[in-house]
Amino acid sequence: MWKTIEVDTSVGPVGAIISGVDLSEELDEEVVSEIHQAWLKHHIVFFRDQDLTPPQQAAFGELFGELDTYPFMKSVDSHPNVIPIIKEPETKINFGGAWHTDSSYKEVPPKATLLYAIEVPQNGGDTLFANATAAYQDLSDGMKSTFGEMKGVFTPKMVHGSGGSYDKKEMKKELGPSYGGNEEFAESEVEHPLMRTHGETGNKSIYCSKPHTHRIKGWSHEESHSIFSFLTKHLTQEKYVTQFKWEKGSLAMWDNRCVFHNALNDYPGERRHMHRVTIKGERPI
Ligand code: SIN
């Protein structure tokens, strides 16, 4: 089926490892098109043994759409769309350590995230990825029709707002001076469907998450979170989840419209340094 790339799906229930491509080089249209097709089919594509500067990582991302910006982290000096995600050996909190899809609190959330490993711990620091389309498909018809038509109120405030889990002072110490800013946006709310339809494949996926969805529209936070807890437990069953072991030079590109992820925080005393790029998506429907 693939002419220009090799695609190995043995990594787990979601995602595929692509080989035979050097992402630092200018890629032929056919290669880009096959990577795009593999990404839509498998939801995440992983590459090993890459050697990318921030501008090269950004240039690869730009092949799939306009680059996005992240509201709560300053970019690296060499590119405005590349943010550093660093956990120092002495820090405790990690960035992205809960099941979520990236920036789903934005009016137009990013469709893709490209995470590139600069330095990884010897043990641990894996990222878990869950297939939210397969998990949606396995819900009962009753659950699909009841929640499929409902909206959620999405917000950054439970993580980045005042009193949120990334308490500003603590996180500045933990994540470094790059973290912070956009205090007003951190309290904002936007409505999105609880289950969204993918803009390119038309497939439906679970979209609401505990860190980013404050409530179901018209419901209380507590009532809503018992539903979100159920959905998170459902979608993170082993049969939907791939655990990706990073190596220096690995790059993962995941589709935030149909994949949840969770960065494991199990490497005390070790350093982990990643670079992240996001690509603009479409308004969720
Ligand atoms: C993120 O949530 O974007 C970070 C994931 C990771 O560091 O593995």
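Please treat every number below as a calculation from the coordinates, not as lab data. Only a predicted model underlies this, so the values are computations on that prediction, with no experimental measurement involved. Every residue, glycine as well, gets a Cβ built from its backbone with ideal geometry; the counts of neighbours run over all protein chains shown.
Once Lys and Arg get +1 and Asp and Glu get -1 on their Cβ, which of Gly180, Thr201, Phe47 lies farthest toward the positive end of the dipole of the stretch 6-279?
Gly180
Past 28 Å, Cα to Cα: identify those pairs from Lys204/Lys280; Lys3/Lys106; Lys87/Lys217, in the order given.
Lys3/Lys106; Lys87/Lys217, as the Cα separations exceed 28 Å there.
Averaging sequence separations of C-alpha pairs under 8 Å and six or more residues apart, then dividing by the length of the chain, give the relative contact order as a whole percent.
35 percent
From the phi angles alone, apply the Karplus equation (6.51, -1.76, 1.60; θ = phi - 60°) to the stretch 27-36 and give each ³J(HN,Hα) in whole Hz, x where the residue is Gly or Pro.
Listing the rounded values in order: 9, 5, 4, 5, 5, 4, 5, 5, 4, 4 Hz.
Filter the trypsin sites (Lys or Arg not before Pro) in the stretch 1-65 down to the DSSP loop ones having no more than 10 other Cβ atoms within 10 Å, then list what survives.
Lys3
Would you mind getting the Kirkwood hydrodynamic radius of the stretch 6-279 from its Cα pairs, rounded to one decimal in Å?
19.0 Å
In what order do Thr4, Thr242 fall by count of nearby beta-carbon atoms within 10 Å, going from fewest to most? Can you show the working numbers first?
Working: Thr4 15, Thr242 23.
Placing the least packed residue first, the sequence is Thr4, Thr242.
Using helices alone, what [θ] at 222 nm do you get for the chain, with -39,500 (n - 2.57) per DSSP H run of 4 or more residues, divided over all residues and rounded to the nearest 500?
-6500 deg cm²/dmol
Of Leu139, Gly20, Pro110, which is farthest towards the positive pole of the stretch 15-173's charge dipole, taken about the Cα centre with +1 and -1 on the beta-carbons of Lys, Arg and Asp, Glu respectively?
Farthest towards the positive pole: Leu139.
Considering the chain as a Gaussian network with a 10 Å cut-off on Cα pairs, which listed residue, Asp68, Asp77, Asp126, attains the greatest mean-square fluctuation?
Greatest mean-square fluctuation among the candidates belongs to Asp77.
Say R0 is 35 Å: what FRET efficiency, to the nearest 0.05, do Thr9 and Phe185 get from their beta-carbon distance?
After rounding to 0.05, the efficiency reads 0.35.
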